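The values are calculated or read from the model by the stated rules, or taken from the named source; none is laboratory data. The shown structure was predicted, so the numbers you read here are calculated from the model rather than taken from an experiment. Cβ atoms come from the backbone with ideal geometry, glycine included; neighbour counts cover every protein chain shown. Just the protein is used for accessible areas: all its heavy atoms, side chains included, with ligands, DNA and RNA removed. Shrake-Rupley method; radii C 1.70, N 1.55, O 1.52, S 1.80 Å.
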Amino acid sequence: MSVEVDVLLQEAKESIEAAQNYRSELQQRLHGLNQARKQIRGSSGQARETLRKHFAELQAAATRLLAERLANLLTEVDTIEADSIKPLDDCQSLIEHGVGQADELLREGEAALRCGLGEKEDKLGSFTKKAMHIQLDSLPEVPALVDVPCVSAQFDDSLLSLLRDRVARHGAVSSHPPVQIEELQERPGSILVRWCKVDEDFAAADYRLQYRRSGSGGSQYEDAYIGRESEFLVLHLDPHTDYLFRVCARGEGRTEWSPWSIPQTGYTTLAPHEWRSGTEGYILSSRKNIALRNDSSQSRCPVLYSKAPTYFCGQTLTFKISASGQMDRRDSLGVCIDSESEEESLQRDQAVCISTNGAVFVNGKEMTNQLPAVTVGSAVTFDMEVVSLFPISNNNTSEGGNFKLRVTIGSGNREVVFDWLVDQPVDCLFFGCSFVHSGWKVLVF
């Protein structure tokens, strides 16, 4: 085979490979277009159904309210009519009775005038007495028309105008929610959710974050956070499980929430931080991420370590204090290389920690820099990154060597940064705590 044929064959293979890659990219874009079209049509259909349902309910409620108001007003008319007609009916009965008496008296008078001379005197005398008894000069009073009710109905003409104005501004249709989820970061047994505004004209007063387990038909979204912050750490999540997250916002001076963001799927592969069971003087929660110091002993200060070295460099480890006891300079919160030490505090070699009085210790030595004292509500954070002083062979990291970890400890609104020298490469560490007095309660995440 000639060189020219070999070159052409190679070019043909490259062209075929390029065409395959090109087709694959186009197919991925077609899939993206289909997903976009599906989202547009699906959300539009859902919006139509929501609008129809809402306005049907509104129309039914308005019809019911108008019918109730009409019934009340008709009842008022019926009451006024009945109360006003009764005295007229009583007056009419009295007048009709008088007319009957007058008719009877007229008949007797006419009869007395027609009778013979022998009976006339008696008849006329009886008639005269009866006429005097009836009191022909006494007439019942009939009310004038201005004194009796003239029932009418009045309406506030501004209601229709106000209703027209409110209806014209009721409801809105938006093509994009004003806030979207920006980032999902896996953490041990949790996910840090960050979101941002995509509508700069929207003035957000509060945000609302919800989540639910993905793929569960009966699973409902539940609130994880409501507040002004634009990030939140969702705790107590099962590793290797998909969760759906969504966020919305509430505008300044408004009561209703905005449309939800497009749900985003997140999961964590990191096992949750857990305290070690069976340590004397501590009670653990069911998830083993909360520890309560329940036994006070001045002579011994046991250290409660983590179940495993689950803190990895590059992450943020947080201790949240939810209850406090009496402070002691031997108290400690921190991280360490191992968990087999018999020391009664993390203020020892191969560990860095902070005491409840704010003192920082590195390998058992107190630093000159000090943080605020730890109290109820305090959150103490540890951040670390590896800095190698001497290169280590990629093929044998067990040869040892000097490593230093750049440590940042934060408490309150202050932090200290220092380099921690260790004698072996580490990528994961234990965490621990120790309290001399009872009453301290700490959550780790």
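Counting only protein chain heavy atoms and rolling a 1.4 Å probe, the accessible areas of Arg169, Arg213 rank, largest first, as Arg169, Arg213. About its Cα centre, the dipole of region 214-352 is roughly 260 debye, where the only charges are +1 on Lys and Arg Cβ and -1 on Asp and Glu Cβ.
The calculated FRET efficiency for the pair Ala18 and Tyr267, based on their C-beta separation and a Förster distance of 30 Å, comes to about 0.25. With respect to the chain, whose longest principal axis is taken over its alpha-carbon atoms, helix 117-134 is tilted by about 20°.
Each of Ala111, Leu124, Ile191 was placed along the dipole of the chain (beta-carbon charges, centred on the mean Cα), and the one lying farthest toward the positive end is Ile191. For Thr75, neighbours were defined as the other residues whose beta-carbon sits under 14 Å from its Cβ, and their charges (Lys and Arg +1, Asp and Glu -1) total -4. Among the listed options [x] 162, 89, 36; [y] 65, 57, 48; [z] 94, 84, 37, the one matching Cα extents along the principal axes in Å as calculated from these coordinates is [x]. Between 0 and 90 degrees, the angle of helix 158-169 with respect to the longest Cα principal axis of the chain falls at about 20 degrees.
Positive end of the dipole of the chain (Cβ unit charges, origin at the Cα centre): among Gly412, Asn72, Cys91, the Cα lying farthest that way belongs to Gly412.
In this simple spin-label approximation, Ala67 and Asn357 carry label points 7 Å from Cα along the Cα→Cβ vector, and these lie 7.7 nm apart. Using the 1.4 Å probe convention, the accessible area of the chain works out to 64 Å² per residue with neighbouring protein chains retained.
Here the 3J(HN,Hα) profile of region 74-88, calculated from phi with Karplus coefficients 6.51, -1.76 and 1.60 at θ = phi - 60°, is 4, 5, 4, 4, 4, 5, 4, 4, 5, 5, 7, 6, 4, x, 5 Hz, Gly and Pro shown as x. Dipole size of region 179-268 about its Cα centre, with +1 on Lys/Arg Cβ and -1 on Asp/Glu Cβ: approximately 220 debye, rounded to the nearest 20.
Each of Ile134, Ile321, Ile40 has its accessible area taken with a 1.4 Å probe; listed largest first, they run Ile40, Ile134, Ile321.
Beyond 21 Å in Cα-Cα separation lie the following of the pairs Lys288/Lys320; Lys197/Lys320; Lys288/Lys404; Lys307/Lys441: Lys197/Lys320; Lys288/Lys404. The simple Förster model, with R0 at 35 Å and r as the Cβ-Cβ distance, assigns Ile134 and Ile80 a FRET efficiency of 0.45. Only aspartates and glutamates eight or more places from Lys365 in sequence, or on another chain, were considered; those with a Cα closer than 19 Å are Asp328, Asp331, Asp338, Glu342, Glu343, Glu344, Asp349, Glu415, Asp419, Asp423.
Subtracting the Cα-Cα distance of Gln180 and Glu231 from their residue separation scaled by 0.36 nm leaves 17.2 nm. For Ala249, what charge total do you get from the other residues with a beta carbon under 13 Å from its beta carbon, if Lys and Arg give +1 and Asp and Glu give -1? Net charge in that neighbourhood comes out at -1. Ile181 sits among other residues whose Cβ lies under 15 Å from its own Cβ, and their net charge, with Lys and Arg +1 and Asp and Glu -1, is -2. Here region 179-268 has 41 percent of its accessible surface on carbon and sulfur atoms, given a 1.4 Å probe and all protein chains in place. Backbone amide hydrogens, once placed in the peptide plane, bring Val198 within less than 5 Å of Val179, Gln180, excluding anything fewer than 5 places away on its chain. Would you mind getting me the FRET efficiency between Arg254 and Lys53? Use the beta-carbon distance for r and R0 = 25 Å, nearest 0.05. Taking R0 as 25 Å, the efficiency between Arg254 and Lys53 is 0.70.
Extension gain for Lys288 to Ser93 (0.36 nm times residue separation, less C-alpha to C-alpha distance): 61.0 nm. When the solvent-accessible area of region 322-366 is split by element, carbon and sulfur atoms take up 40 percent of it, the probe being 1.4 Å. Between Gln370 and Phe312, the contour length at 0.36 nm per residue exceeds the alpha carbon distance by 18.4 nm. Here the simple spin-label model places points 7 Å from the Cα toward Cβ, and for Arg169 and Glu385 these points are separated by 5.1 nm. Sequentially through region 13-23, phi angles give Karplus couplings (6.51, -1.76, 1.60; θ = phi - 60°) of 4, 5, 5, 4, 5, 5, 5, 5, 5, 4, 5 Hz, Gly and Pro residues having no value and appearing as x.
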